[in-house]
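Report on one structure; see the data block that follows.
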Amino acid sequence: IVLNILTNALKFTPAGGSVRIATRHGAPGTVEIEVADTGRGMSEAEVAATRRATAGDPSAATAPAPRDGRGLGIGLPLVGALARANGAAVTIDSAPARGTRVVLAFAEERVVPV
C-alpha cells in the first residue's frame, strides 16, 4: 500500500520538490502512515474522484485518464482496496501547486504491539 502511494508521490513531484513519509500513533490504539509531497497536487474534482476510487466506488472507474499519460490510473483504487482489506482508512488532502498528503489509518484491532 505504502509503496504505491510513495510511487505516486515521487512520480508527480518535480526535481527540487520533497516527499516525506511518517508514522505516528493516531486515535487511541491506531497507527497512521502518512506520505506527503510538494508535487503539483490535484484539483477538487480530481481529489473527489480519487476519494471515490479509494472508497471502492465502481463509478470512479469512469474518471478521466491520468494526467500526462503517466500510468493507468489504477494505483489509488488499488490502495483503497488493500487498505479496506487490512482494516485501514485512507484520507487524501491535495490542492493544485500545493502537493498531496495521503494518510493510512489502521484500526486498533489491526495493530500488533511491539
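The values are calculated or read from the model by the stated rules, or taken from the named source; none is laboratory data. Since the structure is predicted, the reported quantities are computational estimates derived from the model, not experimental observations. Here the Cβ is made from the backbone with ideal geometry for all residues, glycine too, and neighbour counts use every protein chain on show. Heavy atoms of the whole protein, side chains included, go into the accessibility calculation; ligands, DNA and RNA do not. Shrake-Rupley method; radii C 1.70, N 1.55, O 1.52, S 1.80 Å.
Residues of region 25-49 that are part of a strand (DSSP E or B) and either over 20 Å from residue 80 (Cα atoms) or aromatic (Phe, Trp, Tyr) (or both): 25 alone. Test residue 16 against the stated conditions and say whether it is assigned to a loop (DSSP other than H, G, I, E, B), modelled with pLDDT of 90 or more and in contact with a Gly (Cβ under 8 Å, 6 or more places away or on another chain). No. Restricting region 50-59 to residues that are part of a helix (DSSP H, G or I) and closer than 15 Å to residue 78 by Cβ, the residue that is modelled with the lowest pLDDT is 58. Check region 30-49 and report whether any residue there is open to solvent by 60 Å² or more (accessible area, probe 1.4 Å) and at pLDDT 95 or above. Looking for residues that are open to solvent by 60 Å² or more (accessible area, probe 1.4 Å) and at pLDDT 95 or above, one finds at least one in region 30-49, hence yes. Scanning region 83-107 for residues that are β-branched (Val, Ile, Thr) and either touching a residue at least 24 places away in the same chain (Cβ under 8 Å) or open to solvent by less than 10 Å² (accessible area, probe 1.4 Å) (or both) turns up 90, 92, 100, 102, 103.
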